[in-house]
Amino acid sequence: MSFVGRSRAEEERMLATIGAERFEDLLAALPRAVRLERPLPVGGPLSEIEQRRRFRAWARENDADRAVSFLGGGMYEHWIPAALEALASRSEFATAYTPYQPEVAQGSLTAIFEFQSMICELTGMEVANASLYDGATATVEAALLARHHTGRRRVLASAALHPHTREVLRTYLDPAEVVEIPERDGLTASAQLERLLTPDTACLIYAQPSFFGAIERPEALHRAAHAAGALAVAVADPIALALIAPPGASDAAGEPGADIVVGEGQCLGNPPAFGGPALGFFACRAALVRRMPGRLAAETVDRHGRRGFVLTLQTREQHIRREKATSNICTNQGLLALRATVYLGLLGREGLREVATLCLQKTHHAARLAAAIPGYRLAHPGPCFREFALDCPVDAARVVAVGRESGVLPGVDLGAFRPEWKRRLLVAVTEQRSAEEIERWAAVLKRAGGKA
């Protein structure tokens with residue numbers, strides 16, 4: 001898509017319309033100390049040919065386009081069907097925005113309704129919204145809902161949650177009101193719950209699977225949260241839910257599951273852009289729907305009995321009185337949610353289960369290969385899904401450097417999150433990776449750790 005800037009005459013006409021003599025007059029409210037007084041170091045102007053050539057050169061610098069990727073940590077490289085690209089590239093989807101006048105956006109509302117229905121089925125919940133910005137902010141919205149619902153302020157967050165998600169929680173909330181549950185063996189340390197679940201706790205937040213790929217047994221977490229009068233919030237991976245029991249489902253004893261299930265939907269038909277855009281999903285029990293953030297599309301009939309769709313709920317502050325608004329979320333990730341809907345529709349139940357099964361099998365195959373290499377060991381016992389943490393005999397940064405030289409991105413250096421993890425590598429293995437590629441990855445580990 002090409003962009004044509006404003007001409008000088010157009011700028012002057014715009015300024016005259018608002019009563020300003022020059023653009024700098026619009027900056028009068030900004031202190032001079034924070035203004036940039038020199039031109040930006042941007043070359044050009046460039047012709048369209050030159051600009052396209054520069055963009056292509058930048059794209060070629062992306063290692064992930066040339067190397068075999070075992071990167072994960074929240075963004076994953078899954079197969080994207082060609083049919084999805086063909087459908088999502090249609091011009092009506094590229095230009096459609098969040099519907100504010102539902103009667104003229106039936107196609108968009110239909111897609112949103114299907115997305116919500118699929119998320120409900122995956123999570124085991126009763127209602128889902130039209131999507132949110134990303135998994136981390138969806139987690140924040142879950143905490144805000146829980147605080148509003150319970151009248152309490154304190155939020156318990158598992159240390160096995162993604163570190164970025166915990167940082168976002170502390171950014172949105174008062175950091176003193178976000179308390180971590182310790183992590184043990186890559187999972188939430190449930191033995192600490194009785195001490196941490198105080199009467200002012202609004203919710204308990206955990207990940208399924210954890211940041212390290214370990215699979216939680218969340219029944220004890222749900223029971224403990226509910227016994228303390230708090231809500232249970234699961235941050236779930238949607239592809240894992242093709243094999244793992246939905247967090248919202250009741251356990252074998254009939255005890256209720258999670259009250260809210262949120263997560264990151266990038267893995268559903270969206271590329272690993274590593275920076276966005278991403279796709280947050282949010283599902284909850286029907287009893288919480290009046291406080292659910294964002295918007296909800298629902299099915300109805302018109303006066304002639306014809307099936308149609310409407311926006312039935314919008315808690316955005318522009319639509320209801322500000323003091324009653326439960327969220328400042330203004331929109332939904334329409335195009336990315338559409339891609340997720342098409343992806344799930346093309347794969348179906350069995351196709352999604354096959355993707356999840358391949359991830360599971362290949363991850364455990366890679367983990368067995370790594371554990372057999374002298375000096376390497378799995379950081380956590382127990383089953384994992386698509387991802388595992390590997391303790392290395394050398395710094396993980398060295399393993400990453402050796403891998404890049406060999407055209408392999410061997411994983412995420414966890415030392416970037418905590419200094420004591422500098423010899424720990426987080427490895428993701430999706431259905432995209434072949435047996436030969438996994439062997440190449442194992443060879444990288446041998447070369448990197450051979451001199452330890």
(message) Checking F417 against (1) on the phi > 0 side of the Ramachandran plot; (2) surrounded by fewer than 20 Cβ atoms within 10 Å (Cβ to Cβ), only one condition comes out false. Which one?
(response) (1)
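Inside segment 285-297, can you point out the residues that are exposed (fewer than 15 other Cβ atoms within 10 Å of the Cβ) and either under 21 Å from the mean Cα position of the chain (by Cα) or among the aliphatic types (A, V, I, L, M) (or both)?
Within segment 285-297, A286, A287 qualify.
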(message) I'm checking my understanding of the structure. Among residues of segment 304-334 that are of a type outside the set (F, W, Y) and either in contact with a Phe, Trp or Tyr (Cβ under 6 Å, 6 or more places away or on another chain) or modelled with pLDDT of 90 or more (or both), which one is farthest from A278 (Cα to Cα)?
(response) H304
(request) Please work out if D200 is of a type in the set (D, E, K, R) and modelled with pLDDT of 95 or more. (result) yes
(message) Among the numbered criteria (1) farther than 25 Å from E216 by Cβ; (2) in contact with a Lys or Arg (Cβ under 7 Å, 6 or more places away or on another chain); (3) among the polar types (S, T, N, Q), which one does T363 miss?
(response) (1)
(request) Please verify whether segment 44-57 includes one or more residues that are within 30 Å of P271 (Cβ to Cβ), of a type in the set (A, V, I, L, M) and surrounded by fewer than 10 Cβ atoms within 10 Å (Cβ to Cβ). (result) yes
(message) Suppose we keep only residues that are in contact with a Lys or Arg (Cβ under 8 Å, 6 or more places away or on another chain) and farther than 23 Å from A389 by Cβ within segment 175-196. Which one would you say is surrounded by the fewest Cβ atoms within 10 Å (Cβ to Cβ)?
(response) V179
(request) Within segment 247-277, track down each residue that is buried (at least 21 other Cβ atoms within 10 Å of the Cβ) and assigned to a loop (DSSP other than H, G, I, E, B). (result) P247, G248, G257, A258, D259, G265, Q266, C267, L268, G269, N270
(message) Can you tell me which of (1) within 30 Å of F55 (Cα to Cα); (2) surrounded by 10 or more Cβ atoms within 10 Å (Cβ to Cβ) is the one R8 doesn't meet?
(response) (2)
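Pick out the one residue from R368, R433, R398, R349 that is out of contact with any strand residue (DSSP E or B) (no Cβ under 6 Å at 6 or more places or on another chain), in a loop (DSSP other than H, G, I, E, B) and not aromatic (F, W, Y).
R433
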(request) Take the residues in segment 54-87 that are small (G, A, S) and assigned to a helix (DSSP H, G or I), then tell me which one is nearest to P410 (Cα to Cα). (result) A64
(request) May I ask you to say which residue of A160, A232, A224, A202 is crowded, with 18+ Cβ neighbours inside 10 Å and either part of a loop (DSSP other than H, G, I, E, B) or touching a residue at least 60 places away in the same chain (Cβ under 8 Å) (or both)? (result) A160
(message) So, in segment 401-423, exactly how many residues are touching a strand residue (DSSP E or B) at 6+ places or on another chain (Cβ under 9 Å), farther than 13 Å from R66 by Cα and part of a helix (DSSP H, G or I)?
(response) 4
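Filtering segment 58-79 down to residues that are farther than 22 Å from E405 by Cβ and crowded, with 18+ Cβ neighbours inside 10 Å, which residue is farthest from the chain's Cα centre (by Cα)? If you could, list the steps in order and put the result at the bottom.
First pass over segment 58-79, keeping only residues farther than 22 Å from E405 by Cβ: 74-76, 78-79.
If we keep only those that are crowded, with 18+ Cβ neighbours inside 10 Å too, we end up with 74-76, 78.
Details: G74: 6, M75: 7, Y76: 10, H78: 14 Å.
Residue satisfying both the conditions and the ranking: H78.
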(request) Name the residue, out of L335, L352, that is assigned by TED's automatic domain parsing to the domain that holds T123 and either in contact with a Leu (Cβ under 7 Å, 6 or more places away or on another chain) or more than 21 Å from F388 (Cβ to Cβ) (or both). (result) L335
(message) Just checking, does segment 395-416 include any residue being touching a Pro at 6+ places or on another chain (Cβ under 8 Å) and among the small types (G, A, S)?
(response) yes
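Residue-by-condition table, conditions (1) in contact with a helix residue (DSSP H, G or I) (Cβ under 7 Å, 6 or more places away or on another chain); (2) more than 27 Å from G107 (Cβ to Cβ):
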site: A249; (1), (2): no, yes
site: G257; (1), (2): yes, yes
site: G265; (1), (2): yes, no
site: P271; (1), (2): no, no
site: G280; (1), (2): yes, no
site: A286; (1), (2): no, no
site: R291; (1), (2): yes, yes
(message) Looking for something assigned to a loop (DSSP other than H, G, I, E, B), charged (D, E, K, R) and out of contact with any Lys or Arg (no Cβ under 8 Å at 6 or more places or on another chain) - is there at least one such residue anywhere in segment 379-387?
(response) yes
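The values are calculated or read from the model by the stated rules, or taken from the named source; none is laboratory data. Note that the coordinates shown come from a computational prediction; the quantities given were computed from them, not determined experimentally. When we count neighbours, we look across all protein chains shown, and the Cβ atoms used for this are built from the backbone with ideal geometry, even at glycine.
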